[in-house]
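**Q** Take this structure first; my questions come after.
The values are calculated or read from the model by the stated rules, or taken from the named source; none is laboratory data. These numbers were taken from a predicted model, which means no experiment stands behind them. Cβ placement follows ideal geometry from the backbone for every residue including glycine, while neighbour counts extend to all protein chains displayed. For the accessible areas, the whole protein counts, side chains as well, though only heavy atoms, and no ligand, DNA or RNA atoms are used. Shrake-Rupley method; radii C 1.70, N 1.55, O 1.52, S 1.80 Å.
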Amino acid sequence: ATECLDAMLACLRDEYGNPSSKHAAGERARRLVNEARAQVAELIGAQPAELVFTSGGTESNHLAILGALARDPRRQHVVTSAVEHPSTLQLLRHLEAHGVRLTVLPVDAHGRLDPTAIEAAIAPDTALISLLWANNETGVLFPVEAAARIARDRNVPLHLDAVQAVGKLAIDLRQLPADLLSLSGHKLHAPKGVGALFVRKGVKLPPLLFGHQERARRGGTENVPGIVGLGVAAALALEDMDSDMA
């Protein structure tokens, strides 16, 4: 989007400070990151503090899955579907080869998932349910509301790969009790190389990249221009949601 590009160019040209630095340029960069965090949070009905900025959907999915498995060594079972994005399925197959127990739920001829299969797959050692919200090839929407109710009733964290849903569907995480949700900037006209993971308040998720940034949940100097672009894209998506959905 032109508005994203303009905001990013202004950031690259004028606001080159490191958000972690205490000088004036750093403080201005920090304010820009905080503003973008609030914009993205508003789009999905989250609190700003619940967002962790990442490099995109793949990293967000990895952070959710690996973080959930790192929480408790006694819970090493993941429930997923057969039609997940490769960033999820390839990781889970790799983990399966190294001892993680994996249940892959089938879909029907139309690509739909039966919520009762989710409930039947949950075991005492289930660490996570990880499901695609909107399929990137077929457009099929999974029954995420039912999945969230089942996960909450069984006290199992639910991760939603919402990369293809955010900015296209109305999402309100105040109403939908998912614990983790991935999104990617370039799916809503922000630049490539930036995304976010929603981590519900109270969910402890060990980091993949260590450092003080992002409340110690994702180390590394923030990609300020990318984050600013994502924030503007989120604000535009919210503004145009009704017309875009139609």
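**Q** Would you mind working out the magnitude of the charge dipole of the chain relative to its Cα centre, with +1 at each Lys and Arg C-beta and -1 at each Asp and Glu C-beta, to the nearest 20 Debye?
**A** Dipole about the Cα centre, nearest 20: 940 debye.
**Q** If packing is taken as the mean number of other Cβ atoms within 10 Å per residue, what is the order of 215-222, 180-187, 52-59, 165-172, highest first?
**A** Result, highest mean first: 180-187, 52-59, 165-172, 215-222.
**Q** Helix by helix through the chain, keep the DSSP H runs that span 27 Å or more along the axis on Cα and average at least -0.5 on Kyte-Doolittle, and give those back in order.
**A** Span-like helices, by this rule, are 24-44.
**Q** Taking Lys187 as the anchor, which lysines have their alpha carbon closer than 20 Å to its alpha carbon, excluding any fewer than eight residues away along the same chain?
**A** Lys168
**Q** Per the Kirkwood formula on distinct C-alpha pairs, the Rh of segment 5-80 is how many angstrom?
**A** Every distinct Cα pair counted, the radius reaches 15.0 Å.
**Q** Gain in length, Ala246 to His98, computed as 0.36 nm per residue apart minus the alpha-carbon separation, to one decimal in nm?
**A** That works out to 48.8 nm of additional length.
**Q** Here's something else I'd like to know. Consider a paramagnetic label point 7 Å from the Cα of Lys204 along Cα→Cβ; state which residues of segment 159-190 have an amide N under 17 Å from it.
**A** none
**Q** Return one quarter of the surface area of the convex hull spanned by the alpha-carbon atoms of segment 109-246, equal to its mean projected area, in nm².
**A** 9.7
**Q** Right, here's the next one. Mind checking the per residue accessible area of segment 53-124 for me, 1.4 Å probe, whole number of Å²?
**A** It amounts to 48 Å² per residue over segment 53-124.
**Q** Taking the DSSP beta bridges in the chain as the whole, what percent of them are antiparallel, to the nearest 5?
**A** Antiparallel: roughly 40 percent of the beta bridges in the chain.
**Q** Dipole of segment 33-147, Cα-centred, from +1 at each Lys and Arg C-beta and -1 at each Asp and Glu C-beta, to the nearest 20 debye?
**A** That gives a dipole near 340 debye.
**Q** Shifting gears a bit: Counting heavy atoms of the protein chains only and a 1.4 Å probe, report the per residue accessible area for segment 162-246 as a whole number of Å².
**A** 46
**Q** If one computes P(r) from the Cα atoms of the chain, what percent of pairs lie at distances over 27 Å?
**A** Every Cα pair in the chain considered, those over 27 Å come to 34 percent.
**Q** Moving on to the next point. Of all DSSP beta bridges located in segment 128-246, what percent are antiparallel, nearest 5?
**A** Here the share of antiparallel DSSP bridges comes out near 45 percent.
**Q** Let me ask you something else. Under 8 Å for C-alpha pairs, at least 6 residues apart: give me the relative contact order for the chain, rounded to a whole percent.
**A** 28
**Q** Sort out for me the Cα centre separation of segment 138-175 from segment 80-105, rounded to whole Å.
**A** 18
**Q** Leaving out ligands, DNA and RNA, what percent of the accessible area of the chain is carbon and sulfur, probe 1.4 Å?
**A** Exposed carbon and sulfur together represent 53 percent of the surface.
**Q** Once fully extended, how much extra length lies between Asn155 and Asp14, figured as 0.36 nm per residue of separation less the alpha-carbon to alpha-carbon distance?
**A** 46.0 nm
**Q** Please state the Cα pair-distance histogram of segment 67-174 with 10 angstrom bins from zero: what percent is in each bin?
**A** 14, 49, 33, 4
**Q** Report the Cα centroid-to-centroid distance between segment 221-242 and segment 184-201 in angstrom, as an integer.
**A** 8
**Q** Choose one answer from Val33, Val199, Val140: the residue with the largest mean-square fluctuation in a GNM of the chain with alpha-carbon springs under 10 Å.
**A** Per the Cα network of the chain with a 10 Å cutoff, Val140 tops the list.
**Q** Now for a separate question. Show which lysines lie in cross-link reach of Lys22 when reach means a straight Cα distance below 20 angstrom and same-chain residues fewer than eight apart are skipped.
**A** none
**Q** With the convex hull built on the Cα atoms of segment 112-183, state its orientation-averaged projected area in nm².
**A** 4.7
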